[in-house]
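Each remark here refers to the structure printed beneath this line.
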Amino acid sequence: MGRFQSSIRGKVNYAYYIGITLIVIIALLNYLNLVRISKKIEFGFVISELFDTTLEMRRFEKNYFLYGLKEDYSENLQFTEKAENIIKNNKEAIEKLAIKADVYALDTDIREYKSLMQKYFEQDKKHAPMEPRTLEERIREIGKKIVTSTEAISVAERKYMQTLIERSQRILIFSGIFLIIAGFFIAEYLTRMVIRPLKLLEESMQKIANGEFSFIPVLSRDKELLSLSKAINTMLVELELRQSHLVQSEKLASIGTLLFGVTHEINNPLSNISTSCQILKEEIEEADIRYKKELLSQIESETDRAKDIVRTVLEFSRAGKKENVNLKNVVNESLRLIKGEIPSKIEIRMEVPDDIVLFADKQKLQQVFLNLIKNSIEAITGKGRFSISAKRVKDMIEVEVKDTGIGMEPEIVSKIFEPFFTKKETKKGYGLGLFVVHNIIEEHGGIIDVESHVGHGTTFLIRLPLKEHKDEQ
Ligand SMILES: Nc1ncnc2c1ncn2[C@@H]1O[C@H](COP(=O)(O)OP(=O)(O)OP(=O)(O)O)[C@@H](O)[C@H]1O
Ligand SMILES: [Mg+2]
């Protein structure tokens, strides 16, 4: 048993052998029972023969008494002896059907009947004066008794046969029920020992497919499952290694672009600051106070601009912590933060189900909505509307951020996710908003797409995997 249980194949074989053994045992028991019944049926023929023989015996007895023919007497004698032999040869079996004493009485009756018949015949042959009718009456009486006894035995035999058949029916029904129950237990055993670990394996694989790279635990001691889990775990290590390399190089690439942009973008305010400082240095004594103030506020605003860029970059590169976050709460929070900047002419619509939970960095997700909402507000001139809606699509979440703003030309759409791409005037935007959004969505294993029509509006579609960490809830 121990040897079988170390593999799935062994377990299936084990259950199969148990099933086959049970079926063979039950079939054998039923076969033996049938053999017993067929023997009893054979014996039933013997009993009927005994009854028929006694009837024949009496028929010739009557004929003999009526016509006094010797042939009738010989026939009677033959049947009497036949009955005698049947009883002698089957004594034990007959005794099982009737009371021992009754069988003994039947035996004695037949013998007495035979001798009385003989006596009657002898007297008849010698033409001796007939004994008073008492001899004939005595013979008739014993004959009747013999027939009654054999009939009783025959009835008892039929009853016994009936109970035997009923018992076999019951045995058949019980063995059927037993086989069904045994089958159920065997199936249960197989489910518990084989199918359940497979199901757990499937669940673990599903988690991996959803991007949760957790190792497969030891689900069972089966050879096949152990080597399968080991192979998957090795593959996971390999995959994780490759993924981290990939993420690393992707990160390096985007940091490279960002760095190039940052140096370029910071260079402008820095050179402006530097120029203002030089002028100030040269003209500190000559220039009027208003001009000096103007130069100083230029330095201040250029410093602020450089500070803003640095802040955004720092925020972007901050390592976040992922947790289970409710999407509706995040959207509400973002709206609350930006509400003050939304003109009253803009109508806001929000359709996010209450129960969508994402495994995400709450602050970064909030940043995504803030940046998108900010862009939408800036794109709407005068009256307009923007909406945020979300729905579940299989194991993903689809979030749509839609506005009725100015829209974009296709050439602009192709550039919007690049760092420092902006169509806004210098003071209004740095062109970092959508670059940050794109990176955060990618960091969460999602994708972002955009559709825009000049003069009609823009729709951003975000797809995020719905992978909830139940244990962290
Ligand atoms: N909803 C929108 N409707 C129309 N144009 C948009 C929309 N969102 C973005 N854009 C265009 O894409 C450009 C890049 O957007 P992004 O958010 O990256 O930078 P920005 O808004 O210009 O500056 P920042 O967000 O850094 O303050 C914008 O300048 C704008 O021209
Ligand atoms: Mg923006």
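Computed from the coordinates by the stated procedures, all read-outs in this text should not be read as laboratory data. The shown structure was predicted, so the numbers you read here are calculated from the model rather than taken from an experiment. Glycine also receives a Cβ, built like all others from the backbone with ideal geometry; neighbour counts cover every protein chain displayed.
Using the alpha carbons of the chain, what is the convex hull volume per residue in cubic angstrom, as a whole number?
Working: hull volume 130.0 nm³, N = 473.
Convex hull of Cα atoms, per residue: 275 Å³.
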Item to check | Computed [θ] at 222 nm, deg cm²/dmol, the chain (DSSP H ≥ 4; -39,500 (n - 2.57); rounded to nearest 500) | outcome: -24000 deg cm²/dmol
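Listed here are the pairs K39/K70; K293/K428; K293/K364; K70/K159; K339/K415; which of them are more than 30 Å apart at the Cα? The partial results should precede the final answer.
Numbers: K39/K70 39 Å; K293/K428 23 Å; K293/K364 39 Å; K70/K159 39 Å; K339/K415 28 Å.
As for pairs spanning more than 30 Å Cα to Cα, those are K39/K70; K293/K364; K70/K159.
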Item to check | Environment charge at S48 (Cβ cut-off 12 Å; Lys +1, Arg +1, Asp -1, Glu -1) | outcome: -4
Checklist entry - Full extension from E84 to D355: what is 0.36 nm times the residue separation minus their Cα-Cα distance, to one decimal in nm? => result 88.0 nm
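Do any of K322/K391; K82/K144; K199/K230; K82/K145; K62/K125; K362/K394 go past 19 Å between their Cα atoms, and which?
Going by Cα-Cα distance, K322/K391; K362/K394 fall outside the 19 Å limit.
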Item to check | Eligible lysines near K345 by straight Cα distance, threshold 20 Å, same-chain separation 8 or greater | outcome: K374, K383, K402
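Given the Cα-Cα distance of D102 and L270 and 0.36 nm per residue of separation, how much length would full extension add, in nm?
Working: separation 168, 0.36 × 168 = 60.48 nm, distance 13.24 nm.
Taking D102 through L270 to full extension adds about 47.2 nm, to one decimal.
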Item to check | Percent of C-alpha pairs per 5 Å bin, region 4-198, short to long | outcome: 1, 7, 12, 13, 10, 8, 7, 6, 5, 5, 5, 4, 4, 3, 3, 2, 2, 1, 1, 0, 0
Checklist outcome for this item: With bins of 10 Å, the percent of all Cα-Cα pairs of region 330-379 per bin from 0 is 22, 56, 21, 2
Checklist entry - Size of the dipole of region 320-473 about the Cα centre, Lys and Arg at +1 and Asp and Glu at -1 on the beta carbon, nothing else charged, in debye to 20? => result 460 debye
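Taking 8 Å as the Cα distance limit and 6 or more residues as the minimum spacing, I'd like the relative contact order of the chain as a percentage. Intermediate values should be presented prior to the final figure.
Working: 483 pairs, mean separation 50.4, N = 473.
So the answer I get is 11 percent.
Once the cut-off is 19 Å, how many percent of the Cα-Cα pairs in region 213-317 end up in the long-distance tail? Show your work: numbers first, answer last.
On the way: 3642 of 5460 pairs.
Roughly 67 percent, rounded to a whole number.
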Item to check | Cross-link partners of K88 among lysines (Cα-Cα below 17 Å; sequence separation of 8 or more within a chain) | outcome: K96, K100, K114
Item to check | Radius of gyration and maximum dimension Dmax of region 320-473, Cα, Å | outcome: 15.2, 48
Item to check | Distance in nm between pseudo-label sites at D52 and L164 (7 Å out along the Cβ direction from Cα) | outcome: 1.9 nm
Next on the checklist: Tell me the angle of helix 289-317 to the major Cα principal axis of the chain, expressed in degrees between 0 and 90 and rounded to the nearest ten.
Outcome noted: 20 degrees
Next on the checklist: Quick check: the angle from helix 327-338's long axis to the longest principal axis of the chain, C-alpha only, nearest 10 degrees?
Outcome noted: 10 degrees
